[in-house]
Structures are given as C-alpha cells and as structure tokens.
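Step one of this worksheet: look at the structure below.
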Amino acid sequence: MTVTTRAALLKGAYDIELVEKELVCEDDEIIVKNHLIGICGSDKSFYRGQMPPKTAEFRQEPKFPFWLGHESGGTVVEVGSKVSQYKVGDKVICFGWCNNYADYFVAKEFQLQPVPEGLDMDLAALGEPIACAMYSGLHSGVQLGDVVLVMGGGFAGQIIAQCAKQKGADKVIVADVLEGKLELARKLGADVTVNLKKENLHEVVYSLSKGNGADVVVEAAGSQDSFNTATELIKHNGKFVFYSWVTQPITLNISRWHDDGLEFINTCLVHHTWRERYVWTPPSLRPVVQGNVNIKPLITDEFKLSEIKEAFDLADKDDTAIKIVLRP
Ligand SMILES: [Zn+2]
C-alpha cells in the first residue's frame, strides 16, 4: 500500500517547500502518522545553507535538495512483512532523519523507539531532543554540592540545567545572550543567570566557586566563543561536558585541557549506536514522565505544517523562540 503525504523539501538556503510525495512501505519499513514535529537547531543550520559533513546519521547526501526533518513521533499506520518490533497502532518516537516535516514518514525499525507509558504525545513527539538533552543532564557527572555552568539557554541547555539542579548541584549558572531565555531558566530553577552581553561571566563563576572555577561546565551553545569560555571556567580537574553539534570548523585554545587535566564527557545520545540508544532512552525519559523535569514551557511557538515557511522564518530570525513545533 502507498500513502500520500505532504513533505518538506529544502531546495536551497532559505528555500523550503511542502511537496506531495508517495510513501511506499517496503518489507522492512514502517509508516508513521505524525503527531507533532519539532524544529531542531541543526535543521536551522541546514535552512541557512550550512550543511554538515556527511556522517553516519544520514541516509542521504548532505546537499541540496534535502528532504528535511528528524524530530517527530506519532502512530504506526503500516508495517512491512519483515517488521517484528512494531504493529499498527503503536505510538513511536523517531530517532532518524526520515523527512519528518510531513503528515507521514517512513522509517526502519532501528530509527524508532516505543513511547514510554504515561508520556504525553506532544512530549513524545519531541522524544528525540528531550531524550538527548535528558541523557546529557543525567550523564554530566554532577555531584551534590557542585557549581555547574551551562553555556546556552536553548531547549537542551534548559533541560540540562534542570537536571543539574535535581542532581544536587549547589549552584546552577545558565549563560546566554538573550534575556528571555535567562528569565525562563530562572523560572525553571536556575540559581543564577548571566547575560553574556551585559555581565562578566568569569567574575560570577569565580565568586560562586571561591576562585576555583566550575566543577562542571556543559557546552550547549555550540559556538567557538562558548567552547573557549567553557574551557576557561572549568576548575582544575573539572568536567567538560559536550553536548552541541558544531558542524563548521572553529578555533579552540586547548592548552588548559592538558595543563589542568580536564575530564571530557561526551553526552550525545543520538550518536551512540542505535542499540545503546534503545537502552538509554527509557531511563532518560523517565524523569519527564514522572514530572520531575518541566518541558512544556520550552515549546514557545506552534504552527500548522502548511505554515512551514513562516515557522522557519521565525526560527531563523527570532532567537528567543526555544522550541518551534509544527502540527500536521
Ligand atoms: Zn535534533
């Protein structure tokens, strides 16, 4: 059986369009009806014409025209004869680049994940970015009493900061350049926020840590400045937690990495093998199902799928938008 869907094609930089497309369900494939789709920071880079180098993630070349989208979830409507893990009616989270800006998408079994019982479908559809950020928050190595600095108050940074507080950090500091994001971080439990355009982050971190530097710094902003600032503010033998995906070459001052014996923790769930991801996603989403981490306030803007041009225009121009979602 085939299914007709609208699906987003990124024809070039700043040029996105919904086109009609027939989806065929092969023996080893699954067709999913979307519930909700999120715009990821990486989608924004694609939209701006910054294509990443080809990685294991992509089943298509990272060049235009590009079938865009990876953050969504919904209900299985068709399964191929060789599919054993899923059946029609199952609720699933997508963990793959399956051209998800669409009414329906096709995936292989390893690109999906069952929705944990009790998880709201709006959050389940954002299960990939939520699980990734939660995995980082849970694996950041934060200990009771730590001073933790989170660089970047975007979707992931806000979740990671909440986890750090819940894990017993004495002080959680969130740094960003946008007041709106900092205000939200304070509402969601950050102890201190720093506007990098107006305040001196070094002074704040050193005074809160009695001159030592932060025990843990999580890099969730993804810029050269952010990486270099993180490097400067970690204490001797402290932890540098990677989260961001930086797709363009940057210049780093890494002398301290060696000289101060920094510990590096790569907390990128989605770039682990899919088998590891399969194991780690349920425990990563558990605190969200339990209501211990607050996600809904991070969904700042909602559009209809038909308004995809407006949605991407907003994503490009308004940095205060944290998570923009599209509803088919
Ligand atoms: Zn993403």
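When segment 254-279 is filtered for residues that are over 17 Å from VAL216 (Cα atoms) and within 16 Å of the ligand (Cβ to nearest atom), the ones remaining, listed by number, are LEU269, VAL270, HIS271, HIS272, TRP274, ARG277.
Annotation note: of VAL246, VAL279, VAL241, VAL288, the sole residue that is of a type outside the set (Asp, Glu), within 26 Å of CYS94 (Cβ to Cβ) and in contact with a Leu (Cβ under 8 Å, 6 or more places away or on another chain) is VAL288. Inclusion of GLU71 among residues that are without any contact (Cβ under 8 Å) to a residue 60 or more places away in the chain, over 21 Å from GLY127 (Cβ atoms) and of a type outside the set (A, V, I, L, M, F, W, C) is not warranted. All of GLY211, GLY238, GLY180 fail the test of being touching a residue at least 24 places away in the same chain (Cβ under 8 Å) and farther than 24 Å from SER42 by Cα, apart from GLY238.
Here's the yes/no breakdown for (1) under 22 Å from the mean Cα position of the chain (by Cα); (2) modelled with pLDDT under 95; (3) open to solvent by 40 Å² or more (accessible area, probe 1.4 Å):
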| position | (1), (2), (3) |
| --- | --- |
| SER42 | yes, yes, no |
| PRO53 | yes, yes, yes |
| PHE64 | no, yes, yes |
| CYS94 | yes, no, no |
| PHE110 | yes, yes, yes |
| ASP120 | yes, no, yes |
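Checking each residue in segment 166-200 for being open to solvent by 10 Å² or more (accessible area, probe 1.4 Å) and under 20 Å from PHE242 (Cβ atoms) picks out LYS167, ASP176, LEU196. Is it the case that segment 214-227 has a residue that's exposed (fewer than 15 other Cβ atoms within 10 Å of the Cβ) and farther than 25 Å from LEU178 by Cα? Checking segment 214-227: not a single residue is exposed (fewer than 15 other Cβ atoms within 10 Å of the Cβ) and farther than 25 Å from LEU178 by Cα.
Please specify each residue of segment 286-316 satisfying the condition of being in a helix (DSSP H, G or I), in contact with a helix residue (DSSP H, G or I) (Cβ under 7 Å, 6 or more places away or on another chain) and either open to solvent by 70 Å² or more (accessible area, probe 1.4 Å) or more than 25 Å from PRO328 (Cα to Cα) (or both). Scanning segment 286-316 gives a single hit, PRO287. Cβ separations smaller than 8 Å between residues 6+ apart or across chains give the following pairs from segment 75-104 residues that are under 26 Å from THR273 (Cβ atoms) to residues that are outside any strand (DSSP E or B) and of a type in the set (Lys, Arg): VAL76/LYS87; VAL79/LYS87; PHE95/ARG277; GLY96/ARG59; TRP97/ARG59. Taken over segment 125-156, the criterion of being assigned to a helix (DSSP H, G or I), away from the ligand (no atom under 14 Å from the Cβ) and closer than 15 Å to LEU298 by Cβ is satisfied by GLY137 alone. Checked against the criteria, GLY89 does not count as within 16 Å of the ligand (Cβ to nearest atom) and either within 17 Å of LEU305 (Cα to Cα) or assigned to a loop (DSSP other than H, G, I, E, B) (or both).
Scanning segment 15-51 for residues that are in a loop (DSSP other than H, G, I, E, B) and away from the ligand (no atom under 13 Å from the Cβ) yields CYS25, GLU26, ASP27, ASP28, ARG48, GLY49, GLN50, MET51.
The values are calculated or read from the model by the stated rules, or taken from the named source; none is laboratory data. Keep in mind the model is a prediction, meaning the values are calculated, not measured. A quick note on method: Cβ atoms are made from the backbone with ideal geometry, for glycine too, and the neighbour counts reach across all protein chains shown. Surface accessibility is based on the protein's heavy atoms, side chains included, excluding ligands, DNA and RNA. Shrake-Rupley method; radii C 1.70, N 1.55, O 1.52, S 1.80 Å.
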